[in-house]
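Since the structure comes first, as structure tokens, the remarks are kept for the end.
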Amino acid sequence: MDKTTTLLLLLFALVLTTSLSKDLCHKDDKNTLLKIKKAMNDPYTIISWDPKEDCCTWVAVECGNATINHRVTFLDISNDDVSAQIPPEVGDLPYLEYLIFHKLPNLTGEIPPTIAKLKYLRNLWLHWNNLTGPVPEFLSQLKNLQYIDLSFNDLSGSIPGSLSLLPKLEILDLSRNKLTGSIPESFGSFKGVMYALFLSHNQLSGSIPKSLGNLDINQIDLSRNKLEGDASMLFGAQKTTHNIDLSRNMFQFNISMVKVSKTVNFLHLNHNGLTGTIPIQWTQLDLQIFNVSYNRLCGRIPQGGELQRFDAYAYLHNKCLCGAPLQSCK
């Protein structure tokens, strides 16, 4: 091997070593992450973040590819007893797509408005914390949002109707908060294709918008609120719904002619004021979970399908239901 070839190989090895040792993480993102770490009082889950190391290798962080210069796209701080608020600096990670603060019971305060700067954000998961304040109106500015989960907090106030303007939103979970008011009328005309709507365990009241019946939602849970009136528009033989939970509200409508999609396998209607008889069509359903107890239903329980697979508990405390699994009709 001549000297020229040897020098070229050594030069190539030096360049390769230098490129491999170079941080991929953008310096602005690293500085921002370190500010977040400090603002949250050095949580145990991210205490290993070392300023001397490439932040793209840090736990709870992921970076994008070279097309966006390896900017931080993912931040997940979860399962810690940190006592803090969401640092406003999270808004200074401009390429962030996933923001997760999960199971931080001492994470308090309101959702910071700086999150509105995250134009590429797709998933916002701020659940199982102790956040207070409203569901922010500014979320409707984040046009790439697909999944919003603010469940298991202490959020209060009304639900912003502007969330329906999000063109890519597929899942909205606001369950287990202290939200009041009615379900926005605009929720019957989501710009995106809604896959799941979870609003359970709040203090929502009033009637649900009739336009909500225009949607074909795979999973809908409105349970444990103070909703009233007619909810029959949520059903339909041509829909592709799997789960419907309307339990523990004050709905009042006649179910006698309500046709349920054959795709439904989870149907909770208990603790309402439903009237009428259970339709024979419901024997065609492949039900895994079913409960119509504590209503004002009457008549014979149709025989066949899955309806007799459930014990009497699923039918108790109605006006005059009879037949298996209840006592025989007279």
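Kindly indicate whether any position in the stretch 160-181 is closer than 28 Å to E62 by Cα, at pLDDT below 95 and in a loop (DSSP other than H, G, I, E, B). The answer is no, given that none of the residues of the stretch 160-181 is closer than 28 Å to E62 by Cα, at pLDDT below 95 and in a loop (DSSP other than H, G, I, E, B).
In the stretch 318-327, is there at least one residue being surrounded by 15 or more Cβ atoms within 10 Å (Cβ to Cβ), over 29 Å from the mean Cα position of the chain (by Cα) and not in a loop (DSSP other than H, G, I, E, B)? Within the stretch 318-327, one or more residues are surrounded by 15 or more Cβ atoms within 10 Å (Cβ to Cβ), over 29 Å from the mean Cα position of the chain (by Cα) and not in a loop (DSSP other than H, G, I, E, B).
Assessment of the stretch 215-236 against the conditions (free of Cβ contacts under 8 Å to residues at least 60 places away in the same chain, farther than 17 Å from V135 by Cα and β-branched (V, I, T)) yields at least one matching residue. Restricting attention to the stretch 27-73, the residues being part of a helix (DSSP H, G or I) and either free of Cβ contacts under 8 Å to residues at least 40 places away in the same chain or touching a strand residue (DSSP E or B) at 6+ places or on another chain (Cβ under 7 Å) (or both) number 18.
Filter the stretch 164-194 down to the residues that are farther than 22 Å from Q141 by Cβ and either without any contact (Cβ under 8 Å) to a residue 24 or more places away in the chain or open to solvent by 20 Å² or more (accessible area, probe 1.4 Å) (or both) and list them by number. Of everything in the stretch 164-194, those that are farther than 22 Å from Q141 by Cβ and either without any contact (Cβ under 8 Å) to a residue 24 or more places away in the chain or open to solvent by 20 Å² or more (accessible area, probe 1.4 Å) (or both) turn out to be R176, K178, T180, S182. Considering only residues that are open to solvent by 30 Å² or more (accessible area, probe 1.4 Å) and of a type in the set (S, T, N, Q), which ones fall in the stretch 289-305? Hit for the stretch 289-305 is Q303, nothing else.
Just one of the numbered conditions (1) open to solvent by 30 Å² or more (accessible area, probe 1.4 Å); (2) in a helix (DSSP H, G or I) is not true of I115: (1).
Only one entry in L297, L285, L321 is touching a Leu at 6+ places or on another chain (Cβ under 8 Å) and either at pLDDT below 95 or farther than 22 Å from Q252 by Cβ (or both), namely L285.
Within the set D76, D80, the sole residue that is modelled with pLDDT of 95 or more and in a strand (DSSP E or B) turns out to be D76. Only residues that are surrounded by fewer than 17 Cβ atoms within 10 Å (Cβ to Cβ) and in contact with a strand residue (DSSP E or B) (Cβ under 7 Å, 6 or more places away or on another chain): list them for the stretch 134-145, please. Scanning the stretch 134-145 gives a single hit, P134.
Okay, residues lined up against (1) out of contact with any His (no Cβ under 7 Å at 6 or more places or on another chain); (2) modelled with pLDDT of 95 or more; (3) over 17 Å from A196 (Cβ atoms); (4) part of a strand (DSSP E or B):
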residue	(1), (2), (3), (4)
M233	yes, yes, yes, no
Q238	yes, no, yes, no
R248	no, yes, yes, no
V264	no, yes, no, no
H271	yes, yes, yes, no
I278	yes, yes, yes, no
Q281	yes, yes, yes, no
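Being modelled with pLDDT of 95 or more and small (G, A, S) is the requirement here; does S205 meet it? The answer is yes for S205. Against the conditions (1) open to solvent by less than 90 Å² (accessible area, probe 1.4 Å); (2) at pLDDT below 95; (3) in a helix (DSSP H, G or I); (4) of a type outside the set (D, E), L24 satisfies every one except (3).
The values are calculated or read from the model by the stated rules, or taken from the named source; none is laboratory data. What you see is a predicted model; the values in this text were computed from it and never measured. In this analysis, Cβ positions are derived from the backbone assuming ideal geometry, glycine residues included, and neighbour counts consider all displayed protein chains. To get the accessible areas, we keep the full protein, side chains included, count just its heavy atoms, and leave off ligands, DNA and RNA. Shrake-Rupley method; radii C 1.70, N 1.55, O 1.52, S 1.80 Å.
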